[in-house]
Amino acid sequence: MAKGSTQTDICIIGAGPHGLAAAVHLRQADPNLTITTIDRRPSWLTTWSEQFARAEIKTLRSPAIHHPAPDPYALPDFIRSQGLAQSGLPYNLCLRAVLPLPHRPLRP
């Protein structure tokens, strides 16, 4: 999309981890969508980076990438066990694709 254009299929407010993850999932669902992410800060993840700097965290310490359980089925299993409704999105983020990741020790 050209800079300054006001035409977009989806506009995401916030370029933090959640906004960017939403953009990635939407793009994977439909590569033809035009997606615009806007934020009051000058670049992506600015607030996140500042918070990490204040806490003196040089790297994200979780190898699970923001997931509370390493089991890829943990969220769908929890949703079913609690009788909760799906997200309401036109596709199911939790069950769309589960890719096995090779297990690599953090340290040799």
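The values are calculated or read from the model by the stated rules, or taken from the named source; none is laboratory data. Since the model is a prediction, treat every value here as computed from it, not as a measurement. Every residue, glycine as well, gets a Cβ built from its backbone with ideal geometry; the counts of neighbours run over all protein chains shown.
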Task: Tabulated pairs, region 15-32, first within 21 Å of GLU50 (Cα to Cα), second part of a helix (DSSP H, G or I), C-beta under 6 angstrom, 6+ apart or interchain - done: GLY16/TRP48
Task: Residues satisfying the stated conditions in region 29-47, i.e. closer than 16 Å to CYS11 by Cα and assigned to a helix (DSSP H, G or I) - done: ALA29
- [ ] Test ASP71 against the stated conditions and say whether it is part of a loop (DSSP other than H, G, I, E, B), modelled with pLDDT under 80 and acidic (Asp, Glu).
- [x] yes
